[in-house]
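Working notes, structure below.
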Amino acid sequence: MGLLKGKMALITGGSRGIGESIVRKFVSEGAAVAFTYRSSSEKADKIVAELSSAHSKVKAYQSDAADFAQAELLIKSVLEDFDKIDILVNNAGITQDNLLMRMSEEQWDNVINVNLKSVFNLTKHVMRHMMRNRAGSIINMSSVVGVFGNAGQANYAASKAGIIGFTKSVAKEVGSRNIRCNAIAPGFIETDMTEELDDKTKEAFLSGIPMKRLGQGEEVANTCLFLGSDLGSYISGQTISVCGGLNT
Ligand code: NAP
């Protein structure tokens, strides 16, 4: 359909799961795509080899989204390679679940740094470029857990709730420059991340989903496409749930 023809997108955590679905969707809609990963270099290389063609430029970068200096270097390298960034999708994320009584400081810090600080790192460094262009769409991957909390995920829920506050604030700061900033709150999506959950947690989630099924990465990617393309041109500061009705 070419909804992203002529646009350039940077997607963090594009080597697996939801991020990989976003990379594939954006390329299929005509965008030039840069994506990051932390350690899955083989997977990243495979995706690049599969999707690169005369019509589509795709490049992968190993970059720890939690690291402020690496994020700065990443934005610089992507701008050198692609000349512009129209869409930033802050998708990289991890879980390190534990009940609060057992949660270590390290588990807290790791999740906050990878999930929340990363969003600050990338958004901060891309902002000057988007301000100069007077255009941009920033999409931050939150979670329904950030909206209603979840026992055993205090660190994760706090990071995802923080993303929602950050998203609204940035939307208010830069809306006048034609830069939009939105969040997506997926429910229970079938990826490596949810594969890690125990059966009891999975059953509890499933029983609460009105649509009685897990979501697919592509269904989240479709929402990114909507927000990243001109279809979402008057939407900013919002959090859109993609959760089969779970957040109802
Ligand atoms: P996933 O399958 O575990 O994939 C995570 C991706 O993030 C991978 O590409 C991984 O790279 C990358 N990543 C992890 N830490 C990173 C870091 N420090 N720097 C750069 N990249 C890093 O996860 P997913 O299920 O697709 O989740 C994607 C996003 O959606 C996350 O923010 C997650 O919190 C959110 N989400 C997921 C669900 C769900 O049900 N799956 C629900 C709500 C929200 P490597 O491959 O190199 O490790």
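If you bin the C-alpha pair distances of the range 1-150 every 10 Å from 0, what whole percents do you get?
11, 41, 33, 12, 3, 0
Please identify the DSSP H helices in the chain that span no less than 27 Å along the helix axis (Cα) and have a mean Kyte-Doolittle hydropathy of 0.0 or more.
TM-like helix candidates: 154-174.
On a straight-distance basis, which lysines could pair with LYS25 in a cross-link, Cα separation under 18 angstrom, same-chain partners fewer than 8 positions away excluded?
List returned: LYS5, LYS7, LYS43, LYS46, LYS57, LYS59.
Determine the gain in length on full extension of the stretch SER233-MET1; use 0.36 nm per residue of separation and subtract their C-alpha separation, reporting nm with one decimal. Before the final figure, lay out the partial values.
Numbers: separation 232, 0.36 × 232 = 83.52 nm, distance 1.75 nm.
Taking 0.36 nm per residue and subtracting the Cα distance, the gain is 81.8 nm.
In deg cm²/dmol and to the nearest 500, what is the mean residue ellipticity at 222 nm of the chain if only DSSP H runs of at least 4 residues count, each as -39500 (n - 2.57), divided by the residue total?
Per the formula, -13500 deg cm²/dmol.
Might you report the magnitude of the Cβ-based charge dipole of the range 112-248 about its Cα centre, with Lys and Arg at +1 and Asp and Glu at -1, to the nearest 20 debye?
So the dipole magnitude of the range 112-248 works out to roughly 880 debye.
Could you order peptides 105-112, 135-142, 123-130, 32-39 by the average number of other Cβ atoms within 10 Å of their residues, highest first? Kindly include the intermediate steps, with their values, before the conclusion.
Details: 105-112: 15.4, 135-142: 24.9, 123-130: 18.8, 32-39: 23.4.
Result, highest mean Cβ count within 10 Å first: 135-142, 32-39, 123-130, 105-112.
Mind checking the full-extension length gain between ASP67 and LYS202? Use 0.36 nm per residue of separation minus the Cα-Cα distance, one decimal, nm.
Extending this stretch completely gives an extra 45.4 nm.
How big is the gap, in Å, between the Cα center of the range 180-200 and the Cα center of the range 62-113?
Answer, in whole Å: 17.
Label points 7 Å out from Cα along the Cβ direction at LYS124 and GLU190: separation in nm?
Output for this residue pair reads 3.9 nm.
Could you give the length gained on full extension between GLU105 and ARG213, defined as 0.36 nm per residue of separation minus the Cα-Cα distance, in nm?
Numbers: separation 108, 0.36 × 108 = 38.88 nm, distance 3.44 nm.
Additional length available on full extension: 35.4 nm.
Each value in this text was obtained by applying a stated rule to the coordinates, not by laboratory testing. Note that the coordinates shown come from a computational prediction; the quantities given were computed from them, not determined experimentally. We place every Cβ from the backbone using ideal geometry, glycine too, and count neighbours over all the protein chains shown.
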